[in-house]
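The values are calculated or read from the model by the stated rules, or taken from the named source; none is laboratory data. All values derive from a computational prediction rather than experimental measurement. Cβ coordinates were reconstructed from backbone atoms using ideal geometry, including for glycine residues, and neighbour counts include every protein chain displayed. These accessible areas exclude ligands, DNA and RNA; they are computed on the full protein's heavy atoms, side chains included. Shrake-Rupley method; radii C 1.70, N 1.55, O 1.52, S 1.80 Å.
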Amino acid sequence: MQLYNKLSAEERAELIDNAGKSRLTLSFYQYAKIGNPQIFRDHLFLTWDPMEVLGRIYVAHEGINGQLSLPADRFNEFKSHLDTIDFLKDIRLNVAVEQDNKSFLKLKVKVRNKIVADGLNDDTFDVRNKGVHVDAGKFNELIEDENTVLVDMRNHYESEIGHFKNAVTPDVDTFRESLDIIEDDLKAHKEDKNLVMYCTGGIRCEKASAYFKHKGFKNVFQLEGGIIEYTRQVKEDQLENKFLGQNFVFDERRAERISDDVIANCHQCGAPFDVHTNCANEACHLLFIQCDNCKTEMDSCCSTACKEIHALPFEEQKELRKGQGNSNDIFKKGRADHLPYKKDLRNIFDVLKTQKEA
Ligand SMILES: [Zn+2]
Ligand SMILES: [Zn+2]
């Protein structure tokens, strides 16, 4: 019995190519009470591996959060299996806007303490007391209301390449940080404003809306299914799309284009551009925005220092990295000081706040 993935990413990519089947990329989550996450995890792996499911699934006592892809012709089989599990029966599956056969290259089902690393102590508030779920149509209406404050619950590198018109986009690296900033900036409006929030697939708002209600906000709304489901509904019901740019996603595709607007800039030359790159220097891997010209000029690197290291023979690079561990830059995600055109989103937030108060 094989409980874990044994193939390398390259071997997987080759298998997918050879199979020649189109795959569906989708995501879902559910808060639930899972008694033994390890047994549940093994059950999922043993059922999904033969169905050729690939992806990243987190299982915890508090529920499940999955992003995955599978052959389109096995979808019904997969759905039937979900329906056999009590808390996953008829669950909404967020299907990706852009399909890419290689969005995931392995099946990883992991047991975690939490399904989202939200940094919250859930014992201090009632996570079931959530905000009002709204669909795309109601959301469009709400965000036109002058009594609404629209808040992006994602991190700065996500909102930088795409967000809803007029959204407040906190300059944060983590979900936990954003909660305090938002509460502080809006503390005068806990009762008189609609606090409307959104995230990628809706999961972060499940917790955030309960948290803000606990903190005294009276009118809390959340976009059900997040940007992914919004986009699907906008297309299906031919509603006006109010999302600008790209939706950052956490798989190999990195983003899916929702509108043609390019709202970000190359971090090196400032030209309008909204595609992320990982610095080619193996010891850096900084995630940043780099236009095609800069990519050529800088050899896909984030700095001249990285470019010089990247140009060395591989063995010498390895020698240099010895004992150094990974650079912290990976986690700065586009905020390294040497990038002149990185956006300071906190300023945008302040500007919006001032506009609202004026
Ligand atoms: Zn550039
Ligand atoms: Zn670099």
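Observations on the structure shown:
- Amide H contacts for residue 273 (H built 1.01 Å from N in the peptide plane; partners 5 or more residues away or on another chain; cut-off under 5 Å): 264, 265, 266.
- Segment residue 176-residue 252, extension gain: residue separation times 0.36 nm, minus the distance between their alpha carbons: 24.9 nm
- Euclidean distance between Cα centres, region 246-301 to region 173-220, Å: 29
- The charge dipole of region 134-251, taken about its Cα centre with unit charges on the Cβ atoms of Lys, Arg (+1), Asp and Glu (-1) only, comes to about 280 debye.
- Remark: the chain carries 48 Å² of accessible area per residue (probe radius 1.4 Å; ligands, DNA and RNA excluded).
- Charged-residue dipole, Cβ positions (Lys, Arg, Asp, Glu), region 23-138 about Cα centre, Debye nearest 20: 200
- Over 27 Å between alpha carbons, listed pairs 108/215; 106/130; 89/114; 79/108; 114/318; 79/110: 108/215; 106/130; 114/318
- For the peptides 266-277, 35-46, 6-17, the ranking by mean Cβ contacts within 10 Å, running from highest to lowest, is 266-277, 35-46, 6-17.
- The chain - Rg (one decimal) and Dmax (whole number), Cα, Å: 21.3, 65
- Using a cutoff of 8 angstrom between alpha carbon atoms and counting only pairs six or more residues apart, the relative contact order for region 138-183 works out to 32 percent.
- Under 5 Å, built H, 5+ apart or other chain: amide partners of residue 112: 59, 60
- Difference of contour (0.36 nm per residue) and Cα-Cα distance, residue 321 to residue 192: 41.0 nm
- For region 1-158: relative contact order, % (alpha-carbon pairs under 8 angstrom, 6 or more apart): 29
- Computing FRET efficiency as 1/(1 + (r/R0)^6) for residue 314 and residue 236, where r is the C-beta to C-beta distance and R0 is 56 Å, gives about 0.70.
- Of 138/207; 6/295; 138/193, pairs whose Cα-Cα distance is over 26 Å: 6/295
- Relative contact order for the chain: 14 percent, from Cα pairs under 8 Å spaced at least 6 residues apart, divided by residue count.
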